[in-house]
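Take a look at the structure below.
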Amino acid sequence: MMKYSRQREAIKEYLMERRDHPTAEMVYRDVREANPKISLGTVYRNLSLLVSLGEIQKICCGDGVERYDANVSPHYHYHCTCCGRVMDVPPEQAPPSPIRLREDFPEEVEGCTVLFHGTCRDCKEKSEKTG
């Protein structure tokens, strides 16, 4: 049994209230307002622990910035390569079924991560106005 941590609980609650997939630095900045003694290292350690426990998920977009999501149900993400924003793909916009491996693939598959990349609507509109 893991020891209760007020700081870990604050981090998890913060993520559960968010839909914008914050970075560790964003979590630190915002959680620190209510918990001024929390350190960036504590935030990183607790995010890592929560990911390993399956209570949150880490999203790696290939840009070197890791983002976090408290929604651990299977769903897809969209990453804007212009502004860096990450958003959930609405279920009605997602492909009908996840990618599947052939039945003779010898390894056990526990999940699948799908990340779409592109330019979000806001960035496209800004580009059209200035271009």
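A compact table of results
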item: Per-region count, the stretch 14-52, residues of a type outside the set (D, E, K, R) and within 24 Å of Tyr78 (Cα to Cα); result: 16
item: All helices (runs of 4 or more DSSP H) inside the stretch 1-120 with 1 or more residues being surrounded by 10 or more Cβ atoms within 10 Å (Cβ to Cβ) and of a type in the set (Asp, Glu); result: 6-17, 24-34
item: Tally of residues being of a type outside the set (Lys, Arg) and either surrounded by 12 or more Cβ atoms within 10 Å (Cβ to Cβ) or closer than 11 Å to Arg85 by Cβ (or both) across the stretch 121-131; result: 2
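Quick note: the coordinates plus some simple rules give every number you see, no bench work behind them. Everything numeric here is computed off the predicted structure, so don't read it as measured data. When we count neighbours, we look across all protein chains shown, and the Cβ atoms used for this are built from the backbone with ideal geometry, even at glycine.
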